[in-house]
């Protein structure tokens, strides 16, 4: 079963997923890296996303190779640029930044990486990526040259997500950005959930179990945790278990 078909089945059954976003530049090294991977395998994390807005030192390929030896869950590329596409993942989120107006992130980089991704034989998940928030400026917003949708304008978020689904995108990723001071409000997630039928991924600024569960309850099918894991990589026992949270599909 493909990545997106698996996620759609989870949604129909009311099952939630929890993803750890691993930015190769911000991960432990040496023995601490192996220790982190062992803890990740024992944690409630069901998925790992690999990528970042700016990579300067560590290669995605190295991270994927280590994950293949230590982690048995789903591994998905979350590429911030064509250079971050590497073999070894189960799937790739083929991101279109539909909340912005930068043509390079709507089609330009897709042309650069499309044939390379196809030749790698990974599952391709066309994903509408939406930045939402009021500042301070996150790395994703700065690197993309795009203003986020204001937090107090859920109607714009809804209209954007609907347009993305109409264009054939198979998932919507609502992101406040790595290190955001505030996560996307449950009311915004819920409004988007009521408007689209495709799976919703939500992340950015979530740093505790209550925030994860609130996003699940609002309708997010996958909640993504990045900086909160990077800041305490050896303390993952605070993460809630998706299997203990089940609700009927909204």
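The values are calculated or read from the model by the stated rules, or taken from the named source; none is laboratory data. Everything quoted here is computed from the prediction, not taken from an experiment. Reconstructed Cβ throughout: ideal geometry from the backbone, glycine too, with neighbour counts over all protein chains shown.
Here are the numbers:
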| quantity | calculated |
| --- | --- |
| Sole residue being over 29 Å from residue 165 (Cβ atoms) and at pLDDT below 95, chosen from 55, 40 | 55 |
| Matching entry among 37, 64 (being in contact with a helix residue (DSSP H, G or I) (Cβ under 9 Å, 6 or more places away or on another chain) and either within 30 Å of residue 237 (Cα to Cα) or part of a strand (DSSP E or B) (or both)) | 37 |
| Single residue of the stretch 1-33 satisfying the filter (in a loop (DSSP other than H, G, I, E, B) and without any contact (Cβ under 8 Å) to a residue 40 or more places away in the chain) that is farthest from residue 90 (Cα to Cα) | 29 |
| Qualifying helices (runs of 4 or more DSSP H) (wholly inside the stretch 170-242; at least 2 residues being over 16 Å from the mean Cα position of the chain (by Cα) and either surrounded by fewer than 19 Cβ atoms within 10 Å (Cβ to Cβ) or modelled with pLDDT of 95 or more (or both)) | 186-195, 209-218 |
| Number of the exception - residue 150 against (1) crowded, with 17+ Cβ neighbours inside 10 Å; (2) in contact with a helix residue (DSSP H, G or I) (Cβ under 9 Å, 6 or more places away or on another chain); (3) at pLDDT 95 or above | (1) |
| Qualifying residue in the stretch 119-138 (condition: within 19 Å of the chain's Cα centre (by Cα) and part of a helix (DSSP H, G or I)) | no |
| Scope the stretch 67-87; condition over 19 Å from residue 112 (Cα atoms) and either crowded, with 19+ Cβ neighbours inside 10 Å or in contact with a helix residue (DSSP H, G or I) (Cβ under 6 Å, 6 or more places away or on another chain) (or both); matching residues | 67, 70, 71, 74, 75, 76 |
| Residue within the stretch 88-109 that is buried (at least 21 other Cβ atoms within 10 Å of the Cβ) and on the phi > 0 side of the Ramachandran plot present | no |
| Among (1) in contact with a helix residue (DSSP H, G or I) (Cβ under 9 Å, 6 or more places away or on another chain); (2) surrounded by fewer than 14 Cβ atoms within 10 Å (Cβ to Cβ), the one test that residue 113 misses | (2) |
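To keep it simple, each residue is scored yes or no on (1) closer than 30 Å to residue 238 by Cβ; (2) in contact with a strand residue (DSSP E or B) (Cβ under 8 Å, 6 or more places away or on another chain).
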residue	(1), (2)
46	yes, yes
50	yes, yes
58	yes, no
68	yes, yes
82	no, no
96	no, yes
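Residue by residue, here is whether (1) modelled with pLDDT of 95 or more; (2) on the phi > 0 side of the Ramachandran plot holds:
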{"site": "21", "(1), (2)": "yes, no"}
{"site": "48", "(1), (2)": "yes, no"}
{"site": "51", "(1), (2)": "no, yes"}
{"site": "75", "(1), (2)": "yes, no"}
{"site": "82", "(1), (2)": "no, no"}
